[in-house]
Structures are given as C-alpha cells and as structure tokens.
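Written out below as structure tokens is the structure these notes cover.
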Amino acid sequence: MARAMWSGSLSFGLVSLPVRMYAATESHTVHFHQIQRGTSDRIRNRRVNERTGKEVPAEEIVKGVDAGDAYVLIEPDELDDIAPGRSKALEISGFVDLDEVDPVHFATTYYLGPRGKDHGKVYALLHKALKESRKAGIATFVMRNREYLVAVQAEGDILVLHTLHWADEIRDPHDEIGDLPERTKIPERELKTAVQLIEALSTEWRPEEYHDTYQEKVRALIEAKRKGETVEKAREAPESTNVVDLMSALQASVDSARGSAQRKGTGRARGKKPAAGKERKGDAKSGGQAARRTSAADLSQLGKAELYERATEAGVHGRSSMTRAELLEALSGGRGRAKAS
C-alpha cells in the first residue's frame, strides 16, 4: 500500500471527512547519476557555506529572502504557525462545472481515500453526489509550506484531487509569444481541406496505445553501450511546410490518412493477386501512372508536398516522417524500395 502524501479533513458545508492523499502518477524517466568523465567517480552535491567553503548540516539551514540590504530569515516553525488550519484542512468553498475550468489551470492529480473504514459512508456519499451533479468541489489547502488551489471530483469509484494554478500564475500568451498571426485570412479551400484532414485522422482516445518512445530509446542506448554496441541515430525533424505548397501538402495528407483508414477498416486479405489475364484496367492504369511519375528524371524540381503525393502513390514506407531529401532519395530508388505503408 502506498504511503499517503498528506492527510487532513475535507469539509463541505457542516460535513467533515478525514482523508488521505496519494500520488496518482509516477515517472518512468531514466534518472542519471553525475559521473566524472574517464572515471567511475560519482559527483555529489553538497550544502556549502559560500563564504567559508565548509559543508553545513541540514539542521543549521533556515530559509532566507533577499530584502536588498540584508536577508530576512524564516524558521520552519514560523511557516507552520501561519499555515491556514495548520495544514490539515481541505475546505470546499463551492462547486463548479469542471468544463468551465481552462485546461491550463490543471497541474497535478492525486487520489483521495477515506482515513479509515469508519468514514466510508461519508466518502461514498460525497463521491455519488459529485458524480450525479457532474460538479467538482473547489478548495484550498496547505502542504509543505505551500497553499494549493484544488478541484475535487468523482472519477470511477474514487475521489480525485487536481491541483490548479492560481489565476496570477497563468501567463498571457500574447505577452509570451512574439509572432502570433494577426487576423490571417485563410482561403476557404485550405480551411475545408484542413478540417477534412482532422476528420480523417480522428480516432478514439486510448491512452494505453501511446508510449514514451524517447525513454524506450534511452534504455536501448544504455543497453547497447553496456554491450559495446551502437544504436541508430534518430531522423532529423521534418522541414517546415512551404506556404506555396500548403494546399498540396494538405490534400496529400488527407488522401494518405483516408487510404490508411480504409486499409485498417476493410480487413481485406493480404497477398492475393488478380488471376492471370484478369488484372483490372484501373489497377494497371494507376500502376502505370505511378511508375511513370516516380521514374521521371526531373523529381528534383518538385516541392516536398508533390514528392509526398508521389510517395503515397508509390507506397513508400515511412514517408510521413521523411524530409524532402529523403523523399527524393526514396522515389529515385536510392534507399528503402517502395513497399506497403
């Protein structure tokens, strides 16, 4: 059983519920030690007095704020004395529709559990009431010398707590981003095709299908170096789409996405070929066109979107992540012969 990160009393109105808070997520990031190059010596971080150079024990360290001419020193007990409810109260001040909360406010999610079986009924009551009303309770509480704004909601068969950023912590994007487009006029044809692309790529949300591939590659790199082997370098980031080729890139993307969806949805048998002498005219015609296009000597004059469109027709594997140079090389037969994508 996990160790509770915080315990206290959750209250709404005159109803009080003792609860414990548990971490809802865990990191799978590979954590590295610092080692001096050429040795196996660990590098350690130490708390050192910058004036004397001597290490200082933890019990002698207090917090300080630079006030200009001197530091204002704060003892740990002084912070505990000013904490609302002495860090043990989680009081719901109101209930809101969670859809009204902008996603940028959400920070971290925790699980809430009752502090003992005796409080199971009150826990179940609040859970069911939140679930039926589809509301979330907004509250504040103090943990580790910091006050948090939180939302408590019913999720599945438990209560969850989301910490929220305070309003004055949210940055104005127009102040942070200097090159936001101002009232850019988008041609109707491009907008319609972009919407078609979104619809073609729409899918059901299945979080279990997504994996942290970077961490997988980090572990593969560690294992390869342990064995004295090498690993393949990652591909370069795709080039930016040229505005001139935007419509071509959109249409090629829509065609590719629809073709991929059809292949997944039809469940057609693979490996079957038309009987001798019964090849369909359409197949022969499209195949001939693709062959003529991909064998053209002047591919180097084409933009990335046109190359991508031809790579789609030719069935070049991995085309969606290729740069223009890689598409040109693949279509010219220099690497990775065309095969089913």
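Identify all residues within region 130-148 that are surrounded by 15 or more Cβ atoms within 10 Å (Cβ to Cβ) and part of a helix (DSSP H, G or I); write none if there are none. Let's see the steps before the verdict.
Of region 130-148, the ones surrounded by 15 or more Cβ atoms within 10 Å (Cβ to Cβ) are 130-131, 135-143, 148.
If the condition is that a residue be surrounded by 15 or more Cβ atoms within 10 Å (Cβ to Cβ) and part of a helix (DSSP H, G or I), then L130, K131 are the ones that fit.
Within region 124-144, which residues are among the basic types (K, R) and closer than 14 Å to L90 by Cβ?
At the first step, the residues of region 124-144 found to be among the basic types (K, R) are 128, 131, 134-135, 144.
Of everything in region 124-144, nothing turns out to be among the basic types (K, R) and closer than 14 Å to L90 by Cβ.
Search region 64-85 for residues that are in a strand (DSSP E or B) and pair each with any residue that is basic (K, R) and at pLDDT 80 or above when their beta-carbon atoms are under 9 Å apart and the residues are at least 6 apart or on different chains.
Short answer, once both residue conditions are applied: L73/K63; I74/K63.
Filter region 86-118 down to the residues that are in a loop (DSSP other than H, G, I, E, B), modelled with pLDDT under 90 and over 24 Å from R3 (Cβ atoms) and list them by number.
Let us first name the residues in region 86-118 that are in a loop (DSSP other than H, G, I, E, B), namely 88, 97, 101-102, 115-116.
In the following step, the residues that additionally are modelled with pLDDT under 90 were identified as 88, 115-116.
If the condition is that a residue be in a loop (DSSP other than H, G, I, E, B), modelled with pLDDT under 90 and over 24 Å from R3 (Cβ atoms), then no residue fits.
Take the residues in region 186-225 that are among the basic types (K, R) and at pLDDT below 85, then tell me which one is farthest from A257 (Cα to Cα).
Going residue by residue through region 186-225, those that are among the basic types (K, R) are 189, 192, 206, 217, 219, 225.
Imposing the further condition that a residue be at pLDDT below 85 reduces the set to 217, 225.
Values: K217: 27, K225: 38 Å.
Applying the filter and picking the extreme gives K225.
I'd like the residue in region 140-170 that is of a type in the set (D, E, K, R) and in contact (Cβ under 8 Å) with a residue 24 or more places away in the chain and, out of all such residues, is farthest from Y22 (Cα to Cα).
Filtering region 140-170 for residues of a type in the set (D, E, K, R) gives 144, 146-147, 155, 157, 168-169.
Retained after the next criterion (residues that are in contact (Cβ under 8 Å) with a residue 24 or more places away in the chain): 147, 157.
On the way: E147: 17, D157: 15 Å.
Of everything passing the filter in region 140-170, E147 is farthest from Y22 (Cα to Cα).
Among the residues of region 1-58, which ones are touching a residue at least 12 places away in the same chain (Cβ under 8 Å) and touching a Lys or Arg at 6+ places or on another chain (Cβ under 7 Å)?
Scanning region 1-58 gives A4, S7, G8, S9, P18, V19, R20, V30.
For every residue, the table says whether it meets (1) among the small types (G, A, S); (2) closer than 30 Å to Y111 by Cβ; (3) part of a loop (DSSP other than H, G, I, E, B).
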{"position": "R3", "(1), (2), (3)": "no, yes, yes"}
{"position": "V19", "(1), (2), (3)": "no, yes, no"}
{"position": "F32", "(1), (2), (3)": "no, yes, yes"}
{"position": "R46", "(1), (2), (3)": "no, no, yes"}
{"position": "T52", "(1), (2), (3)": "no, no, yes"}
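Restricting to region 193-252, what's the tally of residues that are assigned by TED's automatic domain parsing to the domain that holds T312 and closer than 22 Å to T29 by Cα?
Selection size over region 193-252: 0.
The values are calculated or read from the model by the stated rules, or taken from the named source; none is laboratory data. Source: prediction; values computed, not measured. Reconstructed Cβ throughout: ideal geometry from the backbone, glycine too, with neighbour counts over all protein chains shown.
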